[in-house]
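Trainee: Next up is a structure, given as structure tokens.
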């Protein structure tokens, strides 16, 4: 493969699909709900939309050539993380969303139009969830297979919306392919370094292709370290009620999906909070927006118990998850386009006493502060999030009230109704994006 060009996107992409005709592609957001129509000839972004979903994966052209099927998860904005809400997929669900290519090509289609014209096919049923769908494939007669990484199975059906079989595969299947005869499918199992061969007619595994020299007799590579155990558990939806979510569901790749979730992370229901990034989390205690957890291990237990509503984790599971989280480093920023603007922005940051709450080297502090923000249940004191990697976050503040750094300073006027000039906003934004 040879690169012939690049296109700058307003979000970090993960997957893309070339549309019929070959001159356009649809790119999906790795950490949010945005999608972008790309002009491959002009090497430009033609349009963007925001879907009410996250963890967008594997955009795939539908068999009729009229739609793009996108694997997604959806956090219901009205739901709270009670056991009943999680069990009945009211809090979190997984589905295939099919958007119409004609809508993507229409200049007048809004976000709401695109969603209203789309179709969703639920993955999972009550009592048997399907967290973190990651791979999608269609067969020659419309057969469909979806790799579900959170519950280690492939969902196989004769067509979209048809009843499907759940075929067990290895750990964390991230991609799937159907052969030209539709007799077999192949699942790429990331944590096993193996491919599972699936007999679609029989609805069961037919064999394993080992890809690792360290594979056991079953063709699969066992976890070699405590950190690897933790990484696998981070994606394992069996830590939740009925398999509807894992840590990865809200913290995609250890970062954030940007969703608002009404959990007991802040001690009560009624004020949904933005899911924070976990990159660099080991050095940013206390945890939770209100700073209620002093130890990372306790935060892990609480999240499994009161958000995911899963069985009580074992001490080994907590140890492994915490070990993995401690390996997640803060993201490295891109080199600044204007170093002088960054220097001026640092001066704005320091003269405005932003560093009183966001102190180097982690750009946070272990206290809570009232900076003029109030949540829906009256909380006014919040622990400041680390600003390392802040330029990569899809939303800002505890309630995701700001959509960008510029929006944060210009419209929201954070902190405490600060009134900055256009030049100060531009320079401060440049500085923060350099962290």
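Trainee: Touching a residue at least 60 places away in the same chain (Cβ under 8 Å), farther than 22 Å from residue 290 by Cβ and not assigned by TED's automatic domain parsing to the domain that holds residue 231: does that describe residue 377? Before the answer, list the steps.
Mentor: On the way: touching a residue at least 60 places away in the same chain (Cβ under 8 Å): yes; farther than 22 Å from residue 290 by Cβ: no; not assigned by TED's automatic domain parsing to the domain that holds residue 231: yes.
Considered against the rule, which asks whether it is touching a residue at least 60 places away in the same chain (Cβ under 8 Å), farther than 22 Å from residue 290 by Cβ and not assigned by TED's automatic domain parsing to the domain that holds residue 231, residue 377 comes out as no.
Trainee: Would you check which residues across segment 211-250 are buried (at least 22 other Cβ atoms within 10 Å of the Cβ), part of a loop (DSSP other than H, G, I, E, B) and touching a helix residue (DSSP H, G or I) at 6+ places or on another chain (Cβ under 8 Å) and list them?
Mentor: 235, 240, 244, 245, 246
Residue by residue, here is whether (1) within 24 Å of residue 139 (Cα to Cα); (2) surrounded by 22 or more Cβ atoms within 10 Å (Cβ to Cβ) holds:
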residue	(1), (2)
24	yes, no
35	no, yes
52	no, no
90	no, no
94	yes, yes
97	yes, yes
102	yes, no
109	no, no
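Trainee: Look through 399, 419 and report the one residue that is farther than 18 Å from residue 289 by Cα and at pLDDT below 95. So that I can check it myself, show each step before the final result.
Mentor: Numbers: 399 fails: farther than 18 Å from residue 289 by Cα.
Going through 399, 419 in turn, just one is farther than 18 Å from residue 289 by Cα and at pLDDT below 95: 419.
Trainee: Against the conditions (1) closer than 18 Å to residue 59 by Cβ; (2) under 24 Å from the mean Cα position of the chain (by Cα), where does residue 172 fall short? Just the number, please.
Mentor: (1)
Trainee: Looking only at segment 251-274, count every residue that is under 15 Å from residue 399 (Cα atoms) and either surrounded by fewer than 22 Cβ atoms within 10 Å (Cβ to Cβ) or over 10 Å from the mean Cα position of the chain (by Cα) (or both) and tell me the total. Full working, then the answer.
Mentor: First, the residues of segment 251-274 that are under 15 Å from residue 399 (Cα atoms): 256-266, 268-274.
Cutting the leftovers down to either surrounded by fewer than 22 Cβ atoms within 10 Å (Cβ to Cβ) or over 10 Å from the mean Cα position of the chain (by Cα) (or both) gives us 260-266, 268-274.
Number of matching residues: 14.
Trainee: May I pose another question? Just the residues that are under 16 Å from residue 388 (Cα atoms) and out of contact with any strand residue (DSSP E or B) (no Cβ under 9 Å at 6 or more places or on another chain), please, taken from segment 252-292.
Mentor: Within segment 252-292, 254, 255, 277, 278, 279, 280, 282, 283, 284 meet the criteria.
Trainee: State whether one or more residues within segment 183-191 are in a loop (DSSP other than H, G, I, E, B) and either surrounded by fewer than 23 Cβ atoms within 10 Å (Cβ to Cβ) or modelled with pLDDT of 95 or more (or both). Walk me through how you get there before you give the answer.
Mentor: We begin by selecting, within segment 183-191, every residue in a loop (DSSP other than H, G, I, E, B); these are 183.
Narrowing the set further to residues that are either surrounded by fewer than 23 Cβ atoms within 10 Å (Cβ to Cβ) or modelled with pLDDT of 95 or more (or both) leaves 183.
There is at least one residue in segment 183-191 that is in a loop (DSSP other than H, G, I, E, B) and either surrounded by fewer than 23 Cβ atoms within 10 Å (Cβ to Cβ) or modelled with pLDDT of 95 or more (or both).
Trainee: Still on this structure, I have one more. Going by what's in this entry, would residue 337 be described as within 30 Å of residue 34 (Cβ to Cβ) and within 27 Å of the chain's Cα centre (by Cα)? Walk me through it before giving the result.
Mentor: Working: within 30 Å of residue 34 (Cβ to Cβ): yes; within 27 Å of the chain's Cα centre (by Cα): no.
In short, no.
Trainee: Another question about this same structure. How many residues, within segment 379-396, are closer than 18 Å to residue 271 by Cα and either buried (at least 18 other Cβ atoms within 10 Å of the Cβ) or modelled with pLDDT of 95 or more (or both)?
Mentor: Initially, segment 379-396 is screened for residues closer than 18 Å to residue 271 by Cα, giving 379-385, 395-396.
Narrowing further to those that are either buried (at least 18 other Cβ atoms within 10 Å of the Cβ) or modelled with pLDDT of 95 or more (or both): 379, 382-385, 395-396.
Of the residues in that region, 7 qualify.
Trainee: Regarding segment 310-321, can at least one residue be identified that is within 23 Å of residue 32 (Cα to Cα) and surrounded by 20 or more Cβ atoms within 10 Å (Cβ to Cβ)?
Mentor: Among the residues of segment 310-321, not one is within 23 Å of residue 32 (Cα to Cα) and surrounded by 20 or more Cβ atoms within 10 Å (Cβ to Cβ), which makes the answer no.
Trainee: If the requirement is being farther than 29 Å from residue 228 by Cβ and surrounded by fewer than 18 Cβ atoms within 10 Å (Cβ to Cβ), which of these qualifies: 139, 161?
Mentor: Checking each option against the conditions leaves just 161.
Trainee: Would you check if there is a residue in segment 336-359 being under 14 Å from residue 382 (Cα atoms), in contact with a helix residue (DSSP H, G or I) (Cβ under 9 Å, 6 or more places away or on another chain) and assigned to a loop (DSSP other than H, G, I, E, B)?
Mentor: Yes - at least one qualifying residue is present in segment 336-359.
Trainee: Looking at residue 197, is it more than 19 Å from residue 248 (Cα to Cα) and either in contact with a helix residue (DSSP H, G or I) (Cβ under 9 Å, 6 or more places away or on another chain) or surrounded by fewer than 22 Cβ atoms within 10 Å (Cβ to Cβ) (or both)? If you could, list the steps in order and put the result at the bottom.
Mentor: Numbers: more than 19 Å from residue 248 (Cα to Cα): yes; either in contact with a helix residue (DSSP H, G or I) (Cβ under 9 Å, 6 or more places away or on another chain) or surrounded by fewer than 22 Cβ atoms within 10 Å (Cβ to Cβ) (or both): yes.
For residue 197, the condition - more than 19 Å from residue 248 (Cα to Cα) and either in contact with a helix residue (DSSP H, G or I) (Cβ under 9 Å, 6 or more places away or on another chain) or surrounded by fewer than 22 Cβ atoms within 10 Å (Cβ to Cβ) (or both) - is met.
Trainee: Quick one: which of 309, 301 is at pLDDT 95 or above and part of a helix (DSSP H, G or I)? Explain how you work it out, then say what you get.
Mentor: Working: 309 fails: part of a helix (DSSP H, G or I).
Of 309, 301, the one residue that is at pLDDT 95 or above and part of a helix (DSSP H, G or I) is 301.
The values are calculated or read from the model by the stated rules, or taken from the named source; none is laboratory data. Computed from a prediction, not measured in an experiment: that's the story for all the values here. Note that we place each Cβ from the backbone using ideal geometry, even for glycine, and neighbour counts take in every protein chain shown.
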